[in-house]
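J.: Right, I'll just put the structure down here and ask away after.
The values are calculated or read from the model by the stated rules, or taken from the named source; none is laboratory data. Everything numeric here is computed off the predicted structure, so don't read it as measured data. Here the Cβ positions follow ideal geometry from the backbone for every residue, glycine too, while neighbour counts run over all protein chains shown.
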Amino acid sequence: MDTTTLMHERETFQVRGAVFEVYRAMGAGFLEAVYQECLGLEFAARSIPFRAKPLLKLEYKGVDLHATYSPDFICYEAVVVELKAVREIAPEHRAQLLNYLKATGLNVGLLVNFGGSGRAAVERLVV
């Protein structure tokens, strides 16, 4: 792959467009669950393939764990999307997304914050 090309660039561009549309329509101040429902509707309207709250099985040394992870969305079976509605993104939010990437085996994640100052923010994490 050309080093100037971003991994899953088209897919993340489409997801970001949906995120910004939800923020444009709803604004700030809602709980994360509201933004998640709206974003699911926006993904469907834009024909963005997604799974909402998929259960991710974890294992330890080949043994399945009872504990599971559940990211907010997996889009295009390639991009993990994790939503927040907080004043600012904290290191533990990034760590959570990185753990989701590890659990899924995917390489690209978007950390979306609907609760920041004046606009939705999207951070792209790649492993």
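J.: Without any contact (Cβ under 8 Å) to a residue 60 or more places away in the chain, assigned to a strand (DSSP E or B) and more than 12 Å from the chain's Cα centre (by Cα) - does that describe any residue in the range 68-84?
T.: Looking through the range 68-84, at least one residue is without any contact (Cβ under 8 Å) to a residue 60 or more places away in the chain, assigned to a strand (DSSP E or B) and more than 12 Å from the chain's Cα centre (by Cα).
J.: Still on this structure, please answer the following. Can we say SER70 is farther than 21 Å from VAL127 by Cβ and hydroxyl-bearing (Ser, Thr, Tyr)?
T.: It is false that SER70 is farther than 21 Å from VAL127 by Cβ and hydroxyl-bearing (Ser, Thr, Tyr).
J.: Given the criteria surrounded by 13 or more Cβ atoms within 10 Å (Cβ to Cβ), at pLDDT 95 or above and farther than 20 Å from GLU37 by Cβ, does VAL108 qualify?
T.: yes
J.: Another question, if that's okay. Of everything in the range 85-115, what is without any contact (Cβ under 8 Å) to a residue 40 or more places away in the chain and either assigned to a loop (DSSP other than H, G, I, E, B) or under 13 Å from ARG16 (Cα atoms) (or both)? Give them in sequence order.
T.: Correct list: VAL86, ARG87, GLU88, ILE89, ALA90, GLY105, LEU106, GLY109, LEU111, ASN113.
J.: Please go through the range 51-67 and pick out each residue that is hydrophobic (A, V, I, L, M, F, W, C) and part of a loop (DSSP other than H, G, I, E, B).
T.: Residue satisfying the conditions is LEU55 alone.
J.: A further question follows. What's the number of the condition ALA90 fails, among (1) buried (at least 16 other Cβ atoms within 10 Å of the Cβ); (2) out of contact with any strand residue (DSSP E or B) (no Cβ under 7 Å at 6 or more places or on another chain); (3) at pLDDT 95 or above?
T.: (1)
J.: Please go through (1) surrounded by 11 or more Cβ atoms within 10 Å (Cβ to Cβ); (2) under 14 Å from ALA78 (Cα atoms) for ARG10 and return the number of the only condition it doesn't satisfy.
T.: If we test ARG10 against (1) surrounded by 11 or more Cβ atoms within 10 Å (Cβ to Cβ); (2) under 14 Å from ALA78 (Cα atoms), just (1) comes out false.
J.: Something else: May I ask you to list the residues in the range 38-50 that are assigned to a helix (DSSP H, G or I) and either in contact (Cβ under 8 Å) with a residue 40 or more places away in the chain or among the aliphatic types (A, V, I, L, M) (or both)?
T.: Residues satisfying the conditions are LEU39, LEU41, ALA44, ALA45.
J.: State which residue is farthest from GLU77 (Cα to Cα) when the search covers only the range 13-27 and only residues that are exposed (fewer than 15 other Cβ atoms within 10 Å of the Cβ) and more than 15 Å from the chain's Cα centre (by Cα).
T.: Ranking the candidates gives GLY27 first.
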